[in-house]
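Reading through the structure tokens given below for one structure.
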Amino acid sequence: MYTAKLAYVPDHTPGNEWCWTVPINIHGDVYNQPEWCGIKDGEVVGQWHVDKNEPSCHTWFKIIDDEETCVHGVSHTRRYFGKLENFNSEDWGNWRVMCATTPFKVRNLTFERPHQCGFRKLSWIGAWGTVDVQDDTCPE
């Protein structure tokens, strides 16, 4: 969802009604009507469902270098650990879905999703994912 405060509400016009009539240009795409309009903290606010490459709406994995390790008992395999980024803490109830649907990129490889997902509350709080990658520098 893209949320915006609407400025320049015409005088003598109820802002909430006016909001429903205002088209908005978001990254070159015009949306004729919001999905929701309302008053928030005294401001007219609209919300639009943006379903086109909105970069601020995508999650990704940040590789945690100190968690990278060769996998014990699995020949020539290195495990990469990534923290799920750009994920709103208010949505932690959805972490499993977000983790399982976020591509994992490491060493010029892109995985459709991580091999494993989890949630932790240690040195940082949040969702994480791992992928295992063939690495001949790891022991047999």
Dipole check, the chain, charges on Cβ (K,R +1; D,E -1), about Cα centroid: among ILE63, TRP36, THR3 the Cα furthest to the positive pole belongs to ILE63
Label 7 Å along Cα→Cβ of VAL97; region 110-128 residues with amide nitrogen under 20 Å? 112-120, 126-128
Is it possible to state the helix-based mean residue ellipticity at 222 nm for the chain, with each DSSP H run of 4+ residues giving -39500 (n - 2.57), the sum divided by total residues, to the nearest 500 deg cm²/dmol? What is it? -1500 deg cm²/dmol
Please enumerate, by chain and number, the lysines with C-alpha under 17 Å from the C-alpha of LYS5, excluding those fewer than 8 residues away in the same chain. LYS40
Computed E for LYS5/ASP29 - FRET, C-beta separation, R0 22 angstrom, nearest 0.05: 0.65
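Report the net charge of residues surrounding ASN16, where surrounding means a beta-carbon distance below 12 angstrom and charges are Lys +1, Arg +1, Asp -1, Glu -1.
On the way: positive: LYS40; negative: GLU17, GLU43.
In short, -1.
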About the Cα centre of the chain, how large is the charge dipole given +1 on each Lys and Arg Cβ and -1 on each Asp and Glu Cβ? Please answer in debye to the nearest 20. 260
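Please arrange TRP60, TRP124 by accessible surface area, largest first, computed with a 1.4 Å probe and ligands excluded.
Values: TRP60 125, TRP124 45 Å².
Solvent-accessible surface, decreasing: TRP60, TRP124.
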Along the charge dipole of the chain, pointing to its positive end and built from +1/-1 on Cβ of Lys, Arg, Asp and Glu, which listed residue (GLY15, THR101, HIS76) has its Cα farthest out? HIS76
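Restricting to Cα pairs below 8 Å that are 6+ residues apart, what does the relative contact order work out to for the chain? Please round to a whole percent. Could the numbers behind the result be given before it?
Numbers: 242 pairs, mean separation 27.4, N = 140.
Over the chain, the number comes to 20 percent.
The values are calculated or read from the model by the stated rules, or taken from the named source; none is laboratory data. Being a predicted model, the structure only gives us computed values, none of them experimental. When we count neighbours, we look across all protein chains shown, and the Cβ atoms used for this are built from the backbone with ideal geometry, even at glycine. Areas reflect the complete protein model, heavy atoms only, side chains present, ligands, DNA and RNA absent. Shrake-Rupley method; radii C 1.70, N 1.55, O 1.52, S 1.80 Å.
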